[in-house]
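These notes are about the structure you will find just below.
The values are calculated or read from the model by the stated rules, or taken from the named source; none is laboratory data. This structure is a prediction, so every number in the text was calculated from the model and none was measured. A quick note on method: Cβ atoms are made from the backbone with ideal geometry, for glycine too, and the neighbour counts reach across all protein chains shown.
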Amino acid sequence: MKHARALVTLVIGKYFQSLWEKHCRPNWEQYAARHDANVIVLDVPLDSSPRAQARQASWQKLLILGQPQVRDYAQVVWLDADILIHPRAAWVGDTVPMELIGVTDEYEYPTRELNFRALTRLYRLWEKHNIRFARNATPREFYTLAGFDKTFDRATQSGVMVLNPQRHRAILEHVYHNHEQGNLGGINGEMRPLSYELLSANLVHWLAPQWNAIWWFEKAVSFPFLLLENESPLLSACATHALAKNFLLHFAGLQDELRAVDLTSRLLDEPPRLLHASPPPLPPPQCQSPVALFLFQRPETTARVMDAIRAVRPRELYLVADGPRANVPEDAARCAQAREIALQVDWECAVKTHFAETNLGLRARVESGLNWLFEQVEEAIILEDDCIPDVTFFRFCDETLERFRDDARVFMISGNDFKFGLDAQNSYTFSRYPLIWGWATWRRAWLKNDATMQTFPRALRSNRLGEMLGDTRAAQYWAFTLQQHFRTRTTWDYTWLWSIWENNGLCVHPNTNLVENAGFGADATHTLDSENLFAEMLKSHMDFPLQHPPRVERNAESDALIEDIAFSGSLRRLWKRVRAQRAGPAAPAGL
């Protein structure tokens, strides 16, 4: 025994052995060498009895502490064989007392709230594809589903365990010999009884969630577009970003995707920052810019947007409302309720309203409302009644509106990051795409909006659109999309997009998403699919002071990401799913 501590895993079968040897061994051995540890790989079953063969192989991790190669170490770190380690990670067992077992909480990655939202999205996906799973979205369900007589508010994730063979062999082997797999068909294997016994015995030391980042949850929370196709050109970038912000990335049944991580990436040059519990937030600064809220008949989401506006207390608030539809009886009451909520301004603020008595429709209401708004002000922050901003969105808009006030190249500020954090070298980038789920602009820019798209037909005939975009697939997508809009004229945002493109305008995009759209669903005008990857896209905080890009110029690489994730790439994914359905039933991505 060369060292006092070891990384231990169990790899059974030629396929899993080849995966581990190719993708994990060099990574693990580099980590072990940095921390004076050995790597021990057990490659034969530790129990070959009929009982052992009838249940998941993962149960056999409970027998490792009695193996001759393992039992004399002072500290043993068990890792499932589908885990990659950040090259700059500290030693996982540094903070674990010798008498306790270090584990992460199954329900805390990335946070409690995001874990629940990830599970909700994954359950919906698995149900849609008829994939068998156990529905246990809370710790209580985790235990009751297995028939335990008491529950806990946490659950251990056994993919990573920091152990002492002399102290912990007995309880692990007790779980192995005294619990059965139960009626869940092996789902979560040994995790339920092990968690129950460890918590009952008060033997747990909780590790930070980043010590066992589950790739499924990363996909569902950070990169939901990966759930829509088995092979994405962005898989490597996403998986590498996921490892860059965590200490251990656990592929948990998606072991084929170990290959996606680029362990030579410069993203891994620095150790990840440990995410401690956030201190109580300071009151956000007062918003300096005028704020405009466009509303209709959604009192529930209007109240949420007003809560965010109230938190930053703007000095000027402009309310633009569409009128009720004549053929929808409930509209009148809901429109009135939404307006009443928006008028509940309990801070010092000048409020102006532009309420339509009859229904104008989305395009006419927004265009006329923005025309009215910019008759009153030189610049403004603009929200719709289903776009819920983080409080830092307002400060981000304040600072960038001021910075680019006199720069005619910049047309608008967006609160959205449709790159899902994949390009985050600075606080924001410059893009050709006007993302309008929470945005800001100036009168000077809005005056260039051509509601008739007068130049579009000629641009289409001359292939100038293709020259603008420089990508055949993107040009085909946008030619069709803009042509459909030119014919129907049902919305306003494509007109705004074309006006920006015609003027070679730039849009500021934050490199973290600051606004989530809560308006997906059957009652929406355009965002009808509540299972869309952008549905309730999560918002987060912007860090200050802002890190500005060195030059005011479009980031072509970021725009390529946006095009693939949000626009023409979404069409490619749709056709792949259609072809897959025609070929016969298949599992969703990664299963």
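Structure data summary
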quantity	calculated
Exclusive hit being crowded, with 21+ Cβ neighbours inside 10 Å and touching a His at 6+ places or on another chain (Cβ under 7 Å), set Leu65, Leu7	Leu65
Pro50, sole failed condition from (1) in contact with a Gly (Cβ under 9 Å, 6 or more places away or on another chain); (2) over 24 Å from Leu243 (Cβ atoms)	(1)
Residue, surrounded by the fewest Cβ atoms within 10 Å (Cβ to Cβ), within segment 237-253, restricted to residues that are in contact (Cβ under 8 Å) with a residue 40 or more places away in the chain and not in a helix (DSSP H, G or I)	Gly253
Matching residues, segment 138-172, being part of a helix (DSSP H, G or I) and of a type in the set (A, V, I, L, M)	Ala170, Ile171, Leu172
Members of segment 254-268 found to be in a loop (DSSP other than H, G, I, E, B) and either outside the structural domain of Trp215 (by TED's automatic domain parsing) or not charged (D, E, K, R) (or both), listed by number	Leu254, Val261, Leu263, Thr264, Ser265
Exclusive hit being in the same structural domain as Gln255 (by TED's automatic domain parsing), of a type outside the set (Asp, Glu) and surrounded by 15 or more Cβ atoms within 10 Å (Cβ to Cβ), set Ala37, Ala54	Ala37
Top-ranked residue of segment 34-59 - restricted to ones that are in a strand (DSSP E or B) and of a type outside the set (Val, Ile, Thr), ranked as farthest from Pro87 (Cα to Cα)	Leu42
Residue under evaluation Trp91, criteria (1) touching a residue at least 24 places away in the same chain (Cβ under 8 Å); (2) more than 24 Å from the chain's Cα centre (by Cα); (3) not in a loop (DSSP other than H, G, I, E, B), criterion not met	(3)
Residue in segment 214-231 that is among the small types (Gly, Ala, Ser), assigned to a loop (DSSP other than H, G, I, E, B) and not assigned by TED's automatic domain parsing to the domain that holds Ser540 present	no
Selected residue [at negative phi, modelled with pLDDT of 95 or more, part of a loop (DSSP other than H, G, I, E, B) and not basic (Lys, Arg)] from Tyr31, Tyr73	Tyr73
Meets criteria (in contact with a Ser or Thr (Cβ under 9 Å, 6 or more places away or on another chain), of a type in the set (Ser, Thr, Tyr) and at pLDDT below 60) for Thr525	yes
Verdict on Arg55 being of a type in the set (D, E, K, R) and within 30 Å of Glu180 (Cβ to Cβ)	yes
Answer residue from segment 180-223, given it is of a type in the set (Ser, Thr, Tyr) and in contact with a helix residue (DSSP H, G or I) (Cβ under 8 Å, 6 or more places away or on another chain) and is farthest from Pro139 (Cα to Cα) among those	Ser222
Segment 462-484 - residue that is surrounded by 20 or more Cβ atoms within 10 Å (Cβ to Cβ) and over 28 Å from the mean Cα position of the chain (by Cα) and, of those, farthest from Asp390 (Cα to Cα)	Leu465
Extreme residue, nearest to the chain's Cα centre (by Cα), among residues of segment 540-569 that are loosely packed, with under 13 Cβ neighbours inside 10 Å and within 28 Å of Glu231 (Cβ to Cβ)	Glu557
Meets criteria (touching a Lys or Arg at 6+ places or on another chain (Cβ under 7 Å), at pLDDT 95 or above and under 27 Å from Gly93 (Cβ atoms)) for Pro165	yes
Residue in segment 411-429 that is over 23 Å from Leu234 (Cα atoms), surrounded by fewer than 20 Cβ atoms within 10 Å (Cβ to Cβ) and in contact (Cβ under 8 Å) with a residue 12 or more places away in the chain present	no
Residue that is in a strand (DSSP E or B), surrounded by 15 or more Cβ atoms within 10 Å (Cβ to Cβ) and of a type in the set (A, V, I, L, M), where the choices are Val175, Val96, Val103	Val103
Every pair of residues 6+ apart whose Cβ atoms lie under 9 Å, when the first sits in segment 554-565 and is within 18 Å of Asn504 (Cα to Cα) while the second is hydrophobic (A, V, I, L, M, F, W, C) and part of a helix (DSSP H, G or I)	Ala560/Ala474; Glu563/Leu469; Glu563/Ala474
Any hit, segment 557-567, residues being assigned to a loop (DSSP other than H, G, I, E, B) and at pLDDT 85 or above	yes
Residue under evaluation Trp501, criteria (1) surrounded by 14 or more Cβ atoms within 10 Å (Cβ to Cβ); (2) at pLDDT below 95; (3) of a type outside the set (S, T, N, Q); (4) outside any loop (DSSP other than H, G, I, E, B), criterion not met	(2)
Search result, residues across segment 155-164 that are under 29 Å from the mean Cα position of the chain (by Cα) and either polar (S, T, N, Q) or surrounded by fewer than 17 Cβ atoms within 10 Å (Cβ to Cβ) (or both)	Thr156, Gln157, Ser158
